[in-house]
Amino acid sequence: MKLGPLRNRSFRLLFTGRAISSFGDGLVPVALVFAVLHLTHSPSDLGIVLAAQTVPLVLFVLIGGVWADRLPRQRVMLASDLVRFGAQGGTAALILAGGAEIWQLAALQAVYGIADGFFTPAANGVVPQVVADDELQQANALLGLSENATWILGPAIAGVLVVGVGPGWGIAVDAGTFVLSAAFLAVLPVVRVPATTGKRASSVLADLRGGWQAFRSRSWLLVSVGYFTLIFAFGFSTLSVLGPEVAERSLGGPGAWAAISTATGVGALLGVLLALRWRPTYPLRAGFTIGLFGTPLTLLLLGAKGALWLILVTAVIEGVTTTFFNAIWFTAMQQAVPPGELSRVTSWDAVGSYALKPVGLAVVGPIAVAAGISTTLYGAGTIFLLITVLVILVPSVRTFRGGLSPTHLADEPQIPPVPTV
């Protein structure tokens, strides 16, 4: 197994901090979901709370990308961790006090989403500052390990907490992990990457336009992110809202959904191992192709109210495909986009990916009421399959091989090697 990036002290600190906060995040899909369902028993209310987290992320991630290209990225990440600690701590306090209202939970999750909008582009941009280019895929795979392997324990522990002492404690633990993550980020040394080649834009608006130009000039980015827009709106939103409902009604309750989430975490670990060992010649083609066998099948089986063991199998496959794709996707951006533009391009990626997710989260409940839960899940799974096939057929995606263009290679400033300890 290729663990070379872990020889680097900076990467070890980044890896450890994100592993700790990811463990806490692994509790939330079970704890927050059932906190809302126990309050109102309404999938529509759950969609509102989840959408409240996503809308601010979409609105603020572009600004987050600009500041992550202007400021030291670890400082942006540190501030984000502290704000998310406050948001999740407040959410936990309200739930544990027994007086939580849906609007209060939505407001606090909105604060979380704003902070996440600053964290996401900074986190992707900082990776090439602490590891060598030829170790980027391994580094992204290991970060996938730190973020996804913890989900093996997180959902299982969340299920125990929800059943035993209530969902508020799961969210309280998540809040505490952000403090620990911030402690590691506070001592993280990184190589300062020069800003975009050429004169620095004089305003935030000019920086936004520069980021958009860098993003839209790459057709593989435009097509892929357009795909993400649709699958988050029609696929993952449906899974997030209706999956727990099917588990509650037909599969045995919160423990079943925790088991499904844990199975996804197991698959994620296997996906990391695949990404550590396999560097496909055409990475996007490989990633999209194996994606056909993950989430779409889980959606279809949930719609059919299939046997839990079979859904667990597809959840494992979902974890493999999603984690493998994430590793090659972030590597593709880090290798094909100049360092000084990377956070802004990442922010446009995030905006496109999440643009319709709040709409999806808000409308899935009403659609399921009107058309039926099974019909809605069947429709989402079918759409997911069809658009994945279509994106594989696009030439710029199918033939993408990664790397900076010759022009960028000539102009981009050289980054000094990162010392290892």
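The values are calculated or read from the model by the stated rules, or taken from the named source; none is laboratory data. Worth saying up front: this structure is predicted, and the values here are computed from it rather than measured. Cβ sites come from the backbone with ideal geometry, for glycine too, and all protein chains shown count toward neighbours. Quick note on the areas: whole protein, heavy atoms, side chains included, nothing else; ligands and nucleic acids left out. Shrake-Rupley method; radii C 1.70, N 1.55, O 1.52, S 1.80 Å.
By its C-alpha gyration tensor, with a ≥ b ≥ c as the square roots of the eigenvalues, how is the chain shaped: rounded for a/c under 1.5, else prolate for a/b larger than b/c, else oblate? Numbers along the way, then the final one.
Values: a/c = 1.62, a/b = 1.37, b/c = 1.18.
Judged from the Cα gyration tensor, the chain comes out prolate (a/c at least 1.5, a/b above b/c).
With equal scatterers on the alpha carbons only and no solvent term, can you work out the Debye log10 of I(q)/I(0) for region 267-355 at 0.11, 0.13, 0.20, 0.26 1/Å?
Computed log10 I(q)/I(0) values: -0.38, -0.52, -0.97, -1.19.
For LEU82 paired with TRP309, estimate the spin-label separation in nm (one decimal), with each label point 7 Å from Cα along the Cα-to-Cβ line.
5.2
With each pseudo-label sitting 7 Å past Cα toward Cβ, what's the ALA93-PHE293 distance in nm, one decimal?
Going from the ALA93 label point to the PHE293 one covers 4.9 nm.
What residue among ALA307, ALA350, ALA256 shows peak mean-square fluctuation when the chain is described by a Gaussian network model with Cα springs under 10 Å?
ALA307
Among rounded, prolate and oblate, which fits region 52-100 when a ≥ b ≥ c are the square roots of the eigenvalues of its C-alpha gyration tensor, a/c under 1.5 means rounded, and a/b larger than b/c means prolate?
Values: a/c = 6.57, a/b = 2.01, b/c = 3.28.
It comes out oblate by the Cα gyration axes.
Pulled fully out, how much extra length does the chain show between VAL359 and SER42, if you take 0.36 nm times their separation in residues and subtract their Cα-Cα distance? Walk me through the intermediate numbers first.
Details: separation 317, 0.36 × 317 = 114.12 nm, distance 1.69 nm.
Result for the pair: 112.4 nm of gain on full extension.
With all protein chains present, calculate the accessible area of PHE234 using a 1.4 Å probe and round the result to the nearest 10 Å².
Surface accessible to solvent at PHE234 totals approximately 90 Å².
Can you give the angle from 0 to 90° between the axis of helix 73-97 and the longest principal axis of the chain, with both taken from C-alpha atoms, to the nearest 10?
For 73-97 against the chain, the angle is about 10 degrees.
Choose one answer from ALA97, ALA107, ALA258: the residue with the largest mean-square fluctuation in a GNM of the chain with alpha-carbon springs under 10 Å.
Highest fluctuation of the listed residues: ALA97.
So how tilted is helix 254-277 from the main axis of the chain? Cα-based, degrees 0 to 90, rounded to 10.
Value to nearest ten degrees: 20.
How large is the dipole of the chain about the Cα centre if only Lys and Arg carry +1 and Asp and Glu carry -1, each at its Cβ, rounded to the nearest 20 debye? Please list the in-between numbers first.
Values: 24 positive and 19 negative charges, 181 e Å.
Here the chain has a charge dipole of around 880 debye.
Can you bin region 303-364 into rounded, prolate or oblate? Criterion: square roots of the alpha carbon gyration tensor eigenvalues sorted a ≥ b ≥ c, rounded for a/c under 1.5, prolate for a/b above b/c, oblate for the rest. It would help to have the intermediate numbers written out before the result.
On the way: a/c = 6.39, a/b = 1.66, b/c = 3.85.
Oblate, since a/c reaches 1.5 and b/c is not below a/b.
For VAL223, VAL391, what's the largest-to-smallest order of accessible area, 1.4 Å probe? If you can, show how the numbers build up before the last one.
On the way: VAL223 45, VAL391 5 Å².
Output order, biggest surface exposure first: VAL223, VAL391.
Return the calculated 222 nm mean residue ellipticity for the chain, to the nearest 500 deg cm²/dmol, obtained by summing -39500 (n - 2.57) across DSSP H runs with n ≥ 4 and dividing by the residue count.
Roughly -26000 deg cm²/dmol at 222 nm, from the helical runs in the chain.
Given the whole protein assembly as supplied and a 1.4 Å probe, what does the accessible area of ASP207 come to in Å², nearest 10?
Counting only protein heavy atoms, the figure is 0 Å².
Subtract the Cα-Cα distance of LEU153 and ALA183 from 0.36 nm times their separation in residues, and report this length gain in nm to one decimal. Kindly include the intermediate steps, with their values, before the conclusion.
Details: separation 30, 0.36 × 30 = 10.80 nm, distance 2.24 nm.
Here the answer is 8.6 nm.
Please sort 293-299, 393-399 by packing, taking for each peptide the average over its residues of neighbouring beta carbons within 10 angstrom, highest first.
Details: 293-299: 24.3, 393-399: 14.4.
Top to bottom by mean Cβ count within 10 Å: 293-299, 393-399.
In degrees from 0 to 90, rounded to the nearest 10, what is the angle of the helix 308-336 Cα long axis to the longest principal axis of the chain?
20
Sort ILE367, ILE383 by heavy-atom solvent-accessible area, probe 1.4 angstrom, most to least. Write down the numbers at each step before the final one.
Details: ILE367 85, ILE383 60 Å².
Largest accessible area first, the list is ILE367, ILE383.
Determine how large the accessible area of ASP81 is when every protein chain is in place; take a 1.4 Å probe and give Å² rounded to the nearest 10.
Near enough 0 Å² of accessible area.
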